[in-house]
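Below is one structure, written out as structure tokens; comments come after it.
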Amino acid sequence: MLSGRRNEAEDALSSYRFGDLDEQGAERLFEADALPKAGIAPRAVLAKLCPALDFAKDYDPNEPRDERGRWTDGGNGEWTTSGGSATPDLSFPVFPSAPIPGLETDLRPRPRFKGVNYRPNDAMNVTLPDGANIPDPKSPTGFLMAPPRAEYSEVFSAGQAIASQSLIQNIPEIRAAVAQGGTYDYQRDSATREANSFYAASANYSVGVFMAGAGYSLNETLFISEAYALHNSSNFPSEDQMKWTEAGWRDATAGRWK
């Protein structure tokens, strides 16, 4: 039984836009909603609700890694697979290789992108509709930079287009829009097949803008983002990822991209 917490669980159920769940499902949803609000890190929440993941047990920060944070053999610095065999291929898959908790594995073909880090000649400061720029102390210009194709008003409108759907219906739309290689993933260029970490902030900012347009709360946005990053980002956990996702969400909910 939910021991008097049924109403809170049902409220959380409604806010997450799921269909009817049994008592066990409602209890888990209550915890997923309440624990982050109590200050529990999303990684710890996932460990409690999805113990089969074992990511906390298996993670060792002292294991040798390459310059992109991936495990190496500790010798020549080459990336190793789980079986220990080295490979010089520095590209990486776009879509999840393991299921996100509660979400099905995406079985679409996996485009691959070469990881690079440089400032493109056409990189531009992101400019809000009111003419203001977005401060970024790590940027060479002091402001958030993005490729010329970045249109955040369009990102916000795309999120609004799915706002009336349930989370389950939203999953493929979210992936197509802002997952790695998605329409509004400004870090990856489908023409050059490059994933440029120079644009990482602009890509994470895009996630926040889209999710705000789709009607998700900040807690929901960060929880979903971290769950995805857990299986797909070599930089997980990254404060910068969450910082820029939150910045995009806050700017969008403040009406700065309407």
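Observations on the model:
- Test set (1) under 22 Å from the mean Cα position of the chain (by Cα); (2) at pLDDT 55 or above; (3) within 16 Å of residue 200 (Cα to Cα); (4) surrounded by 15 or more Cβ atoms within 10 Å (Cβ to Cβ) - residue 124 fails condition number: (1)
- Residue, nearest to residue 210 (Cα to Cα), within region 114-153, restricted to residues that are among the charged types (D, E, K, R) and assigned to a loop (DSSP other than H, G, I, E, B): 151
- Residue match in region 140-157 (condition: at pLDDT below 95 and among the basic types (Lys, Arg)): no
The values are calculated or read from the model by the stated rules, or taken from the named source; none is laboratory data. Computed from a predicted structure; not experimentally measured. Here Cβ is always computed from backbone atoms with ideal geometry, including for glycine, and neighbour counts include all displayed protein chains.
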